[in-house]
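Participant: Below you'll find the structure I mean.
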Amino acid sequence: MSILIIGVALWAIVHFFPAIAAGPRASLNQRLGQRYRGLFSLLILVSLALIVVGWRSTIPTTVYLPQIWGRHLAYLLVLIAFVLFAAAKTSNNIRRLIRHPQLTAVAVWATGHLFANGDIRSLILFGGLGLWAIAEMALINRRDGAWQKPSAVPFTKDLATVAIGLVVMVIFMFLHPFFTGMVV
């Protein structure tokens, strides 16, 4: 369980650094150049590896019993999360409604998984990442100030974003057992 906790904590700390330490980040980026991005990426990959290893090695001790409908709600929320994640990377009108679609996607994804899973490792992983995403949004909002909404785009861009989210979700459903050891 400690490996999972360390992985989630490392993920959060590395991501919090640019949001709460803009000055030191800029200084470090100036000194290291491209190596800063490499170091950031390496730490994120290490955190992901720790999360996967920690998840797979933690015994899923039950904390609460999810409702039967929780699994169905989880599928819906995960689909919404994948669409939001796609929205963060494409031009669409969703970005006019949601300032941080990628972080919102993480919070929605985490919430969905908490409806379907009631074990301790789920609480650590999904609860931890969900709380991180919410805190990260607040920190970024404080750092960046007022939000400048993007311009409207044609509705077809929204349809493409939904299609991309759906395709990526299907891909991840096939990869899910590899990372988690659990069939979706």
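Participant: Out of (1) open to solvent by 20 Å² or more (accessible area, probe 1.4 Å); (2) touching a residue at least 40 places away in the same chain (Cβ under 8 Å); (3) out of contact with any Phe, Trp or Tyr (no Cβ under 8 Å at 6 or more places or on another chain), the odd one out for Ala87 is which?
Facilitator: (1)
Participant: Conditions first: (1) closer than 30 Å to Lys157 by Cβ; (2) assigned to a helix (DSSP H, G or I); (3) open to solvent by less than 50 Å² (accessible area, probe 1.4 Å). Gln102 passes all but one, so which condition is the exception?
Facilitator: The single condition Gln102 does not satisfy is (3).
Participant: Out of everything in region 7-41 that is among the β-branched types (Val, Ile, Thr) and in contact (Cβ under 8 Å) with a residue 60 or more places away in the chain, what residue ends up being most open to solvent (accessible area, probe 1.4 Å)?
Facilitator: Selected residue: Ile20.
Participant: Among the residues in region 106-122, are any out of contact with any Cys (no Cβ under 9 Å at 6 or more places or on another chain), free of Cβ contacts under 8 Å to residues at least 24 places away in the same chain and surrounded by fewer than 17 Cβ atoms within 10 Å (Cβ to Cβ)?
Facilitator: No, every residue in region 106-122 fails to be out of contact with any Cys (no Cβ under 9 Å at 6 or more places or on another chain), free of Cβ contacts under 8 Å to residues at least 24 places away in the same chain and surrounded by fewer than 17 Cβ atoms within 10 Å (Cβ to Cβ).
Participant: Here's something else I'd like to know. Of the residues Ile44, Ile94, which is over 16 Å from Phe172 (Cβ atoms), β-branched (Val, Ile, Thr) and free of Cβ contacts under 8 Å to residues at least 60 places away in the same chain?
Facilitator: Ile44
Participant: What number of residues in region 32-75 are assigned to a helix (DSSP H, G or I), polar (S, T, N, Q) and in contact with a helix residue (DSSP H, G or I) (Cβ under 7 Å, 6 or more places away or on another chain)?
Facilitator: Of all residues in region 32-75, those assigned to a helix (DSSP H, G or I) come to 32, 34-57, 68-75.
If we keep only those that are polar (S, T, N, Q) as well, we get 34, 41, 47, 57.
Those still in the list that are in contact with a helix residue (DSSP H, G or I) (Cβ under 7 Å, 6 or more places away or on another chain) too: 47, 57.
So the count comes out to 2.
Participant: Please work out which one of (1) over 18 Å from Ile94 (Cα atoms); (2) part of a helix (DSSP H, G or I); (3) modelled with pLDDT under 95 is the condition Val168 fails and give its number.
Facilitator: If we test Val168 against (1) over 18 Å from Ile94 (Cα atoms); (2) part of a helix (DSSP H, G or I); (3) modelled with pLDDT under 95, just (1) comes out false.
Participant: Does Arg121 meet the test of being modelled with pLDDT of 95 or more and in a loop (DSSP other than H, G, I, E, B)?
Facilitator: So Arg121 fails the test.
Participant: Hey, Tyr75 hits all of (1) farther than 29 Å from Ala160 by Cβ; (2) aromatic (Phe, Trp, Tyr); (3) open to solvent by less than 90 Å² (accessible area, probe 1.4 Å) but one; which does it fall short on?
Facilitator: Condition (1) is where Tyr75 drops out.
Participant: Next question, about the same structure. State whether the residues of region 145-152 include one that is of a type outside the set (A, V, I, L, M, F, W, C), under 29 Å from Phe16 (Cα atoms), open to solvent by less than 90 Å² (accessible area, probe 1.4 Å) and in contact with a His (Cβ under 9 Å, 6 or more places away or on another chain).
Facilitator: No: zero hits.
Participant: While we're on this one: Consider region 153-184. How many of its residues are more than 17 Å from Ile80 (Cβ to Cβ), among the hydrophobic types (A, V, I, L, M, F, W, C) and open to solvent by less than 50 Å² (accessible area, probe 1.4 Å)?
Facilitator: Result for region 153-184: 1.
The values are calculated or read from the model by the stated rules, or taken from the named source; none is laboratory data. Note that the coordinates shown come from a computational prediction; the quantities given were computed from them, not determined experimentally. Using ideal geometry, Cβ is built from the backbone for each residue, glycine included, and neighbour counts are taken over all protein chains shown. For the accessible areas, the whole protein counts, side chains as well, though only heavy atoms, and no ligand, DNA or RNA atoms are used. Shrake-Rupley method; radii C 1.70, N 1.55, O 1.52, S 1.80 Å.
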